[in-house]
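Right, one structure below, let's go through it.
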Amino acid sequence: MVESFHDFVVHRTAALSRTAYLLTGDHQLAEDLVQTALARTYRHWRRVRHGNPEAYVRRVMYHQQVSWWRRRRIVERLEAEPTERADADHSETTTLRLTLAAALNHLTPRQRAVIVLRYYEDLTEAQVAEALGCSIGTVKRHAHDGLSRLRSVAPELVDAATQRSTR
């Protein structure tokens with residue numbers, strides 16, 4: 001049992017960390033979120049390992065993030081422009097990632113979770129609904145509202161997506 005959990009952690013932590021970062025918007029909180037979710041998953045590993053353990057961990061991460069969000073409001077100061085380093089390489093991809101991260105901060109936690117799971121993790125609406133414990137209609141509503149908000153907050157993301165699809 002311990003070996004199978006260890007293998008799961010070794011192989012899936014990077015992907016889970018990316019999802020956690022998109023949910024939290026902060027690297028340290030993302031690390032804490034992944035660790036908490038994995039610790040909670042380990043307690044139920046015998047039951048979870050035969051199903052879809054990654055979906056279980058994502059669901060734990062989402063619920064934990066919402067719990068943290070409800071408990072404490074962390075006031076963050078976002079700079080209009082990131083601090084530049086002289087030796088930094090500013091590529092188009094980095095700019096898009098920063099824009100996306102900043103835009104995701106304008107969504108509600110539920111919208112953010114739906115957008116991340118649906119479009120970043122490429123889950124189906126049914127899989128997102130299962131992971132979040134809600135109906136498919138709720139997923140569709142949050143996706144619609146979240147995408148509308150992203151379009152208004154960061155229209156450059158729409159332009160970038162259009163350019164990528166025509167390549």
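The table for this structure:
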| read-out | value |
| --- | --- |
| The range 109-146, subset closer than 16 Å to THR19 by Cα and of a type in the set (S, T, N, Q), residue nearest to the chain's Cα centre (by Cα) | GLN111 |
| Selection count where residues are crowded, with 21+ Cβ neighbours inside 10 Å and under 16 Å from ILE115 (Cα atoms), scope the range 23-33 | 2 |
| Residues of the range 36-57 classified as modelled with pLDDT under 90 and buried (at least 19 other Cβ atoms within 10 Å of the Cβ), total | 1 |
| Tally, over the range 45-59, of residues that are among the basic types (Lys, Arg) and in a loop (DSSP other than H, G, I, E, B) | 1 |
| Checking LEU104 against (1) at pLDDT below 90; (2) crowded, with 19+ Cβ neighbours inside 10 Å; (3) farther than 23 Å from GLU156 by Cβ, the condition it does not meet | (3) |
| Selection within the range 121-135 - touching a helix residue (DSSP H, G or I) at 6+ places or on another chain (Cβ under 8 Å) and surrounded by 14 or more Cβ atoms within 10 Å (Cβ to Cβ) | GLU121, LEU123, GLU125, GLN127, VAL128, ALA129, GLU130, ALA131, LEU132 |
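The values are calculated or read from the model by the stated rules, or taken from the named source; none is laboratory data. Bear in mind the structure is a predicted one, so any value in this text is a computation, not a measurement. Don't worry about glycine lacking a Cβ; one is built from the backbone with ideal geometry, like all the others, and counts go over all protein chains shown.
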